Every structure is written in structure tokens, then in C-alpha cells.
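Remarks on the structure that follows.
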Amino acid sequence: MTRRALLLTSVMKRGYGVSVVGAELAAHLEANGWKLDIGALEIDEFFAGAGVVEMPDDITSIVTYCQTNEIDVIVAQTSPYFEKLPILDHWFRTMAYEHGDPTPGLFPRSMLEREKGRSHKRKNVYPYVSRVVAISDFIRADIGWPSASVVLNGCDHVPDLGIKPQSEFERHGSRPLRVGTLMRLGYGESYYKGIDEFESLVKSHGGDGRISFAIMGRGLETDRQHWNALGVDCHLNASDEERSSFLRELDVFISPSMWEGFNLPLVEAQASGTVGLAFDVGAHPETTPFVMSTIDDIEFLLDLWSVDRLALAKASEHSYRFVRSQFLWGRAASEFAVELDATMGTSRGELWRRTKIGRMLRRILGRYRIDGVTGIMRATLFRVFRLFGRGH
């Protein structure tokens, strides 16, 4: 029998890693006995369709959808849905699927607010859900929840063009080394993504004729003008096909990010056959064999590979095999299904969830708003029933 889960995420839009994760899990989970619906605050035309719906972040809308569609498990992938899980756990089994939050210190303007959000989840969300799952070992440690399970993302949504042959590197040995990155280009997220470090690298090496630089991401025409003025080939708002070609045609992909919970673009580049470099922070040691301590380390490798293309070919093959051997969506979906099955096996509030009177009361109360008197009634009833089950 196929069970049904609802994944709640802030966006299902092209250019967002959480959207790729949601879509790939949905595509692979049915083979593991689960159908995954996706509810999001924002949806673009690329993801609009069967199984993806607009979902307000109020409890009544979520509960109504879950009751109507016989949802077994509610999974929150991002805020603002994380914060709703403790209440939703009164009626459904719930899972916090953590992709992590960048270190607050990387955002001076909103540092206190971001730290408050992280602390809130540790104190008021994780203890009151059925299960916590993280996308990397780093995230499990970073959120401060050692009992969380880890399900790594996949990379095989990227077309597999195989290892780049050594003859290709030798044939193009006289041309400049093609070095690029991929990130959203506006102010905000790009700040911690290391856009300043990439620009510094461009300014120090862009004029010597040995390296040509490129950047791809979602942005504005003013972003293109800025990068073109620095001699960087800038690609804006590319399609998936253009993105794949871009990653394949690079000689070296650099992620200068200061924090990553997984770093999907870094893995995608390596899955395309291009060596990937990143700083030794966040989940980078889990996602590439080439982690650097400083910008000087990156410059050293670029100088080496610009003259030794055979060494570059070997490094590219190593990167390709590293990600293609372990980051598979089929495996991720299988492991995620195990977590969903384990979530179904939790016994908290069984009398409220499973008995006839519990189901009747949930149906009756589910027709009304969660706030005010109805909210107090629901919370009180849940606590009474929980006394006879295994509490939090």
C-alpha cells in the first residue's frame, strides 16, 4: 500500500536547491512505497503541475489539505513551515527535514534575528516533532541535534556525459584555463556565497592571459554589466540545458562560499566532469575531494593546472567518480523512505491519532480555525490523550 507524505517548502522555483531536492525525491519515492505531495509558498511555471500546490503557512490550510488528501506524514523543509510542526504534530506525524541556516555572523545586518531563529528550532521545534533528518553530517552537527538522521542529496539529475577524455585537455592545452562559478547574483545570499572572493580572484588573475573567468546565476542586467566590465563572461537566468553545458565546458568550478549545508552546484559541476574547488567550511569536505584553506591554495592549483593539463584531467576524473559513486537520488529516496517509515512507527499520541474517538474529534475540530478557543480545545484534548500514550 502506498502511503502519502506532504513536503512543505518556501519555494518551488528554478534556481533553488530546495526545489531540486523536493522534485527529485517526489520522482523517486513512489518506488519505495510513498507518494510525495509538495506544498510551497511560491511556485514558478517550471514546477507548477501535478503534486505541487500553493500552500499558505497557516495551520488551518495545512490541516485541511492533509485531511482531504489523507496525508500520513508532514515534512517541513524550510521556514516558515518548521515553526508550524509542533502544532501539526498534535494531528499528524511530522518530520523536520533540515537543510540548515547559514551562520548568523555572516549576516551582520540580521545576525541577532537569525540566531534567534536557530535557537527557536532547537528549543521549540526539534523536541516536538516525530523525527529530524539532515542533508549532511555537517548540518546534523550545526543544528545541535546529534540524534538526527542524515540523508545525502543526489547528483544524477545532471546529465551524465562521462569523464572528460585526457585528449580533450591536451588538445586545448594552449588556451586559457576556463574557471567559473554559479550563484544567485543579487545582494544578500551572494554575500555569504563568496562573491567578493571570486571577484578578488578575477582581479588578481584575469589579466595575465592564462585564465578566463565566467559566472552564471539569477540576476539583473546590471549584474551582467558589472561582470563584463571585469572581463568575466556572465550568463544570466539560464535554462537547465544551458546550466549543464556551462558546467561541462568549464575546466575548473570554484565555489567560494563561506557556508553550505550541502552545496548542490559544487556537486553538479563534478557530476558534469569538471573538477570542483571549495573552501574547507560547512559540508564541503563531504561534497568534494578538493577543499582549500585559503584563496592562496586555490590560486596555487589554478597556476598548476594552467600549465599541467594532464594533472587537471586526473583531478577532474577523481571529482567525477567521487560524486557519481555516492550522491544518487535513488539511494536518497530509499533512505528517505526508511525515515518516513520510521516516522510512521512513532507512538506519540496514538490514542489521539488512531482511536475512533480521536479520529472523530480531529475531523470535527479540523473544520474550524486553529486559533482562539478552538486552538485551546485542540491542545487540551491532545494533552489528555497523550497521557495515555508515550509523551514527548
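General observations
- 12, 1, 344, reordered so the largest accessible area comes first (probe 1.4 Å): 1, 344, 12
- Out-of-range pairs (alpha-carbon distance over 29 Å; input 13/164; 13/314; 121/193; 35/193): 13/164; 13/314; 35/193
- Stokes-Einstein D for the range 1-144, Kirkwood Rh over Cα pairs, 20 °C, 1.002 mPa s (µm²/s): 137 µm²/s
- Theoretical ellipticity at 222 nm over the chain - DSSP helices of four or more residues, -39500 (n - 2.57) apiece, nearest 500: -13000 deg cm²/dmol
- Fully extending the segment from residue 58 to residue 222, taken as 0.36 nm per residue of separation minus the present Cα-Cα distance, adds 55.3 nm.
- Convex hull (Cα only) mean projected area of the chain, reported in nm² to one decimal: 19.9 nm²
- Accessible area (Å², 1.4 Å probe, nearest 10) - residue 335: 70 Å²
- Length-normalised contact order of the range 152-261 in % [C-alpha pairs under 8 Å, at least 6 apart]: 34 percent
- Nitroxide proxy distance, nm - points 7 Å out along Cα→Cβ at residue 249 and residue 294: 3.5 nm
- Principal semi-axes in Å for the range 82-123 [√(5λ), Cα gyration tensor, largest first]: 26, 10, 6
- Gain upon complete extension [residue 314, residue 30; 0.36 nm per residue less C-alpha separation]: 98.5 nm
- Annotation: for a label point projected 7 angstrom from Cα along Cα→Cβ of residue 342, residues of the range 19-60 with backbone N closer than 18 Å are 32-34.
- Extension gain for residue 233-residue 137 works out to 31.0 nm (0.36 nm per residue, less the C-alpha to C-alpha distance).
- Mean separation of Cα contacts under 8 Å, 6 or more apart, over the residue count of the chain: relative contact order %: 17 percent
- 0 to 90° range, to nearest 10: angle between helix 240-249 axis and the chain longest Cα axis: 40 degrees
- Computed from point charges on the beta carbon alone (+1 for Lys and Arg, -1 for Asp and Glu), the dipole magnitude for the range 158-278 about its Cα centre is near 200 Debye.
- Dipole of the range 118-249, positive direction: furthest Cα of 138, 202, 159, with charges on the beta-carbon: 138
- The protection proxy used here, the mean number of other Cβ atoms lying within 10 Å of each residue, ranks peptides 75-87, 157-169, 34-46 as follows, highest first: 75-87, 34-46, 157-169.
- Estimated from the Cβ-Cβ distance and a Förster radius of 35 angstrom, the FRET efficiency linking residue 240 and residue 196 is about 0.80.
The values are calculated or read from the model by the stated rules, or taken from the named source; none is laboratory data. Just so it is clear, the model here is predicted, and its values are computed rather than measured. So basically every Cβ, Gly included, is an ideal-geometry build from the backbone, and we count neighbours across all protein chains shown. Surface areas here come from the heavy atoms of the whole protein model, side chains and all, with no ligands, DNA or RNA. Shrake-Rupley method; radii C 1.70, N 1.55, O 1.52, S 1.80 Å.
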